[in-house]
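Novice: One structure coming up, written as structure tokens, with questions to follow.
The values are calculated or read from the model by the stated rules, or taken from the named source; none is laboratory data. Please read these numbers as outputs of a predicted model, since none were measured by experiment. Using ideal geometry, Cβ is built from the backbone for each residue, glycine included, and neighbour counts are taken over all protein chains shown. Calculation scope for accessible area: heavy atoms of the full protein, side chains included, ligands and nucleic acids excluded. Shrake-Rupley method; radii C 1.70, N 1.55, O 1.52, S 1.80 Å.
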Amino acid sequence: MKRCVLLFGLFLPLLGFTQMAPNKHQNDLLGKGHVNVGFSLGQGYKGSSSTTTYYVPRIQYFLADGWSVALEGRYLTSNSFYPFTYLGAGLSTRYYFLRGNRFALFAQLGATYGQSKYDKYDPIDPFASMNGIRNNNWQTNAGLGAHYRLGKRWSLEATAERSWLESSYLTPAYNRWQASIGINYRLK
């Protein structure tokens with residue numbers, strides 16, 4: 001309970017700041033009707049060790065000032081003993097708050113559907129394990145990020161998120177924390 005009161009006390013002053021009108025220049029990138037393309041590169045962590053590397057290309061459309069929906073692809077590969085890959089496509093949404101002259105924070109929520117491949121050696125049937133174990137599954141994620149406007153069309157971003165990748169009795173769970181950096185360019 002003490003932690004909740006402490007968090008509420010820390011974020012209460014920010015609520016008033018989020019209701020302020022954003023700077024005109026920030027709306028050049030985050031305004032209604034704009035289309036951005038971007039690319040992010042990141043690492044996934046389980047505990048303190050890096051377990052995965054992932055790549056996310058996206059095309060983002062702003063439904064309203066500060067609120068966007070994006071079509072994105074995700075490619076994930078593991079750094080573990082047994083090779084694991086995931087390739088999928090899906091949708092995500094972002095809401096940009098605390099928008100200043102060059103800096104904004106955002107919350108992100110998304111889901112992708114794709115195929116995972118897990119190359120686990122099976123001593124009983126070594127030929128079956130050569131092709132890997134394939135599953136069609138969903139990957140969901142939720143996180144927070146920071147956006148920094150470089151110019152009229154370019155911006156940088158950093159994101160920290162929690163990712164959940166459905167597992168089965170044949171494949172391990174790849175639920176993890178992820179951190180990424182990315183770059184965006186405004187098309188329209």
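Novice: From Ala21, Ala64, Ala70, which residue is small (Gly, Ala, Ser), modelled with pLDDT of 90 or more and open to solvent by 20 Å² or more (accessible area, probe 1.4 Å)?
Specialist: So the residue among Ala21, Ala64, Ala70 that is small (Gly, Ala, Ser), modelled with pLDDT of 90 or more and open to solvent by 20 Å² or more (accessible area, probe 1.4 Å) is Ala64.
Novice: Oh, and also: Does Ser116 meet the test of being modelled with pLDDT of 95 or more and assigned to a strand (DSSP E or B)?
Specialist: no
Novice: Please specify each residue of region 84-102 satisfying the condition of being in a loop (DSSP other than H, G, I, E, B) and out of contact with any Phe, Trp or Tyr (no Cβ under 8 Å at 6 or more places or on another chain).
Specialist: Once the filter is applied, which keeps residues that are in a loop (DSSP other than H, G, I, E, B) and out of contact with any Phe, Trp or Tyr (no Cβ under 8 Å at 6 or more places or on another chain), region 84-102 yields Arg99, Gly100, Asn101.
Novice: While we're looking at this one, here's another question. Would you check if there is a residue in region 87-109 being open to solvent by less than 50 Å² (accessible area, probe 1.4 Å), of a type in the set (D, E, K, R) and in contact with a helix residue (DSSP H, G or I) (Cβ under 7 Å, 6 or more places away or on another chain)?
Specialist: There is at least one residue in region 87-109 that is open to solvent by less than 50 Å² (accessible area, probe 1.4 Å), of a type in the set (D, E, K, R) and in contact with a helix residue (DSSP H, G or I) (Cβ under 7 Å, 6 or more places away or on another chain).
Novice: Pull out all pairs, ordered by first then second residue, where Cβ-Cβ is under 6 Å, the residues are six or more apart or on different chains, the first lies in region 51-66 and is in contact (Cβ under 8 Å) with a residue 24 or more places away in the chain, and the second is among the hydrophobic types (A, V, I, L, M, F, W, C) and not in a strand (DSSP E or B).
Specialist: Gly66/Leu30
Novice: Give the residue that is surrounded by the most Cβ atoms within 10 Å (Cβ to Cβ), with candidates limited to residues of region 136-188 that are in a loop (DSSP other than H, G, I, E, B) and of a type in the set (Phe, Trp, Tyr).
Specialist: Tyr174
Novice: Something else: What are the residues in region 43-57 that are surrounded by 14 or more Cβ atoms within 10 Å (Cβ to Cβ) and not hydroxyl-bearing (Ser, Thr, Tyr), if any?
Specialist: Gln43, Gly44, Lys46, Val56, Pro57
Novice: With the structure loaded, tell me whether Ser40 is modelled with pLDDT of 55 or more, surrounded by 16 or more Cβ atoms within 10 Å (Cβ to Cβ) and not aliphatic (A, V, I, L, M) or whether it fails that test.
Specialist: So Ser40 passes the test.
Novice: Given the criteria of a type outside the set (A, V, I, L, M, F, W, C) and at pLDDT 90 or above, does Thr171 qualify?
Specialist: So Thr171 fails the test.
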